[in-house]
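Here the structure is laid out as structure tokens; the discussion comes afterwards.
The values are calculated or read from the model by the stated rules, or taken from the named source; none is laboratory data. Keep in mind that what you see is a predicted model, and the values were worked out from it rather than measured. Reconstructed Cβ throughout: ideal geometry from the backbone, glycine too, with neighbour counts over all protein chains shown.
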Amino acid sequence: MRYTLPTLVAASLLASPVVAQDHYGQIFGGASFLQDPNFEGVVTPPGGIQSVGTDFDTRFSIGGAVGKSLPSLNFGQFRVRGEVELSYNTGDVGSVFFSGNGPAAETNVAGDISTTRLFGNLIADLPTGGAFTPYAGIGLGIASTDTAIVYGNGVTLNDRSENLSAQLILGGAYALSDNLSLTGDMRYVRDFGVDVPRFNGAGGLTGVVSDDVSSVNLNVGLRFGF
């Protein structure tokens, strides 16, 4: 049987005795900067390996998590916690460049890429003795990516796919009270091997293009103990 990090973290949370001050919930949201994927694959016509380059505008990310401290994983001064996160981010396409049509930007561009992710995160807090606590973490999970891009004479990249996803987290929390903290962090998220079929204006399949899809999300939020 295969286990993913979200499964293992969830099992740890459920199996641990309930200690109120060790458990928490979190909500967050902010700006999402999609890192302009360059989809590549065999496209006919014109034939051969072609690329569909993209530029995306800044949009938003939102999410929430539940977690608990994992004292058995503490090391040095770091205090480790595990959490299960559900999050969503989106980006509107601003420009498209199809190599089969030369270097100029395509016309009639519209659409977006939207992704929902389920992560299991391990996060290490570094207590400072004051109200501010920096933290860093990693996450592994599953992404459901909805690509809907249109350009030119009705050419579309249109599909939903499920892929492995990973993230790096760097941020800090400021304690407002014993059970409430203001958080701010940067999350670099990467979805691996997103495949998207390409259709011509008449709806005919012309090929499948793929790339890893990455974003940098800058979030603020609230974390509350229970």
For the stretch 93-138, give me the residue count where each residue is farther than 15 Å from TYR174 by Cα, part of a strand (DSSP E or B) and among the β-branched types (Val, Ile, Thr). 7
Search the stretch 122-138 for residues being in contact (Cβ under 8 Å) with a residue 40 or more places away in the chain and among the hydrophobic types (A, V, I, L, M, F, W, C), and hand back the single one that is farthest from ASP212 (Cα to Cα). ALA131
Can you find even one residue in the stretch 66-89 that is among the aromatic types (Phe, Trp, Tyr) and under 22 Å from the mean Cα position of the chain (by Cα)? yes
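Yes/no per residue for (1) modelled with pLDDT of 95 or more; (2) within 23 Å of the chain's Cα centre (by Cα); (3) not aromatic (Phe, Trp, Tyr):
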{"site": "GLU162", "(1), (2), (3)": "yes, yes, yes"}
{"site": "GLN167", "(1), (2), (3)": "yes, yes, yes"}
{"site": "TYR174", "(1), (2), (3)": "yes, no, no"}
{"site": "SER177", "(1), (2), (3)": "yes, no, yes"}
{"site": "PRO197", "(1), (2), (3)": "yes, yes, yes"}
{"site": "ASP211", "(1), (2), (3)": "yes, yes, yes"}
{"site": "VAL216", "(1), (2), (3)": "yes, yes, yes"}
{"site": "LEU222", "(1), (2), (3)": "yes, yes, yes"}
Would you check which residues across the stretch 49-65 are charged (D, E, K, R) and more than 17 Å from the chain's Cα centre (by Cα) and list them? ASP55
Is it the case, given these coordinates, that LEU157 is modelled with pLDDT of 95 or more, assigned to a strand (DSSP E or B) and out of contact with any Leu (no Cβ under 9 Å at 6 or more places or on another chain)? yes
Options GLY48, GLY100, GLY111: the member that is without any contact (Cβ under 8 Å) to a residue 24 or more places away in the chain and in contact with a strand residue (DSSP E or B) (Cβ under 9 Å, 6 or more places away or on another chain): GLY48
Subset of the stretch 117-138 that is β-branched (Val, Ile, Thr) and surrounded by fewer than 16 Cβ atoms within 10 Å (Cβ to Cβ) - its residue that is farthest from ILE62 (Cα to Cα): THR128
Considering each residue of the stretch 208-226, count those that are in a strand (DSSP E or B) and surrounded by fewer than 22 Cβ atoms within 10 Å (Cβ to Cβ), and give that number. 13
So which residues in the stretch 45-70 are touching a helix residue (DSSP H, G or I) at 6+ places or on another chain (Cβ under 8 Å), not hydrophobic (A, V, I, L, M, F, W, C) and not in a strand (DSSP E or B), if there are any at all? PRO45, PRO46
Taking only pairs six or more apart or across chains, which ones have beta-carbon atoms under 8 Å, a first residue in the stretch 139-166 that is more than 23 Å from ALA104 (Cβ to Cβ) and buried (at least 20 other Cβ atoms within 10 Å of the Cβ), and a second residue that is hydrophobic (A, V, I, L, M, F, W, C) and modelled with pLDDT under 95? GLY139/LEU5; GLY141/LEU5
